[in-house]
Amino acid sequence: MSQADPYSRRINILKVALPLVALLILSTLFLTSGRMNTDGDIPFAADEIAERIRDERITGPFFAGVTSHGHRITLSAGQVVSRGEDGNEAQEIAFRINLIDETELALVADRGDVDILNDVARLSGNVLIDSSIGYRIYAETLEARLLELDITAPSGIQALGPMGRITAGHLRVGHMDSKEGVQILFSGGVQLLYTPKGTGQ
């Protein structure tokens with residue numbers, strides 16, 4: 001039997017050696033690479049995911065638009081939860097209204113029903129209206145028509161204003177007269193505890 005030439009012998013050695021070298025390199029990479037942490041917390045627990053699916057919950061919704069009078073309005077909420085046939089409930093609601101005269105109104109409430117399509121919002125729970133002209137108004141509930149910027153508090157309010165402390169049975173913020181801009185109107189047994197400037201409230 002004739003002996004193989006040197007070239008053939010080298011080829012046969014490489015056929016065995018190269019796969020072994022490749023296997024050695026791959027083994028080294030796997031052994032020296034960092035291990036994946038599979039014990040870390042996932043963003044949502046399984047029961048929270050199931051609850052979000054069941055409740056049809058939206059987190060952090062945001063809406064922006066312009067009223068029929070040109071005022072800019074933005075709406076945000078912590079979350080919106082579907083209540084089936086009873087509609088949707090928004091929680092941690094915040095409105096910001098920039099009037100064309102550069103006055104700003106900020107409305108916040110714990111919860112409410114906001115129906116953008118039908119231009120209706122009903123807010124409740126620690127309702128607050130804060131205006132850049134110096135009024136800070138607290139109410140139990142608020143009803144608002146967003147497109148027309150017509151806000152009412154039907155069940156009594158308390159307010160701090162430039163003249164002092166105000167209590168009233170009703171409040172309306174909006175265009176009471178087409179010739180005027182947005183006005184704040186207190187009605188229904190209005191009481192004013194006058195506080196002269198510089199004496200505090």
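The values are calculated or read from the model by the stated rules, or taken from the named source; none is laboratory data. A quick note: this is a predicted structure, and the numbers were derived from the prediction, not measured. Glycine gets a Cβ as well: all are built from the backbone with ideal geometry, and neighbour counts include every protein chain shown. Ligands, DNA and RNA are excluded from the accessible area calculation, which covers all protein heavy atoms including side chains. Shrake-Rupley method; radii C 1.70, N 1.55, O 1.52, S 1.80 Å.
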Residues in region 154-172: is at least one touching a residue at least 40 places away in the same chain (Cβ under 8 Å), aliphatic (A, V, I, L, M) and open to solvent by 60 Å² or more (accessible area, probe 1.4 Å)?
-> no
Consider Arg96 carefully, then state whether it is more than 30 Å from Gly189 (Cβ to Cβ), modelled with pLDDT of 90 or more and open to solvent by 60 Å² or more (accessible area, probe 1.4 Å).
-> yes
Would you check which residues across region 110-146 are farther than 22 Å from Gln191 by Cα, open to solvent by 80 Å² or more (accessible area, probe 1.4 Å) and acidic (Asp, Glu) and list them?
-> Glu143
Do you know which residues across region 177-197 are open to solvent by less than 50 Å² (accessible area, probe 1.4 Å), of a type in the set (A, V, I, L, M, F, W, C) and either touching a helix residue (DSSP H, G or I) at 6+ places or on another chain (Cβ under 7 Å) or part of a loop (DSSP other than H, G, I, E, B) (or both)?
-> Val182
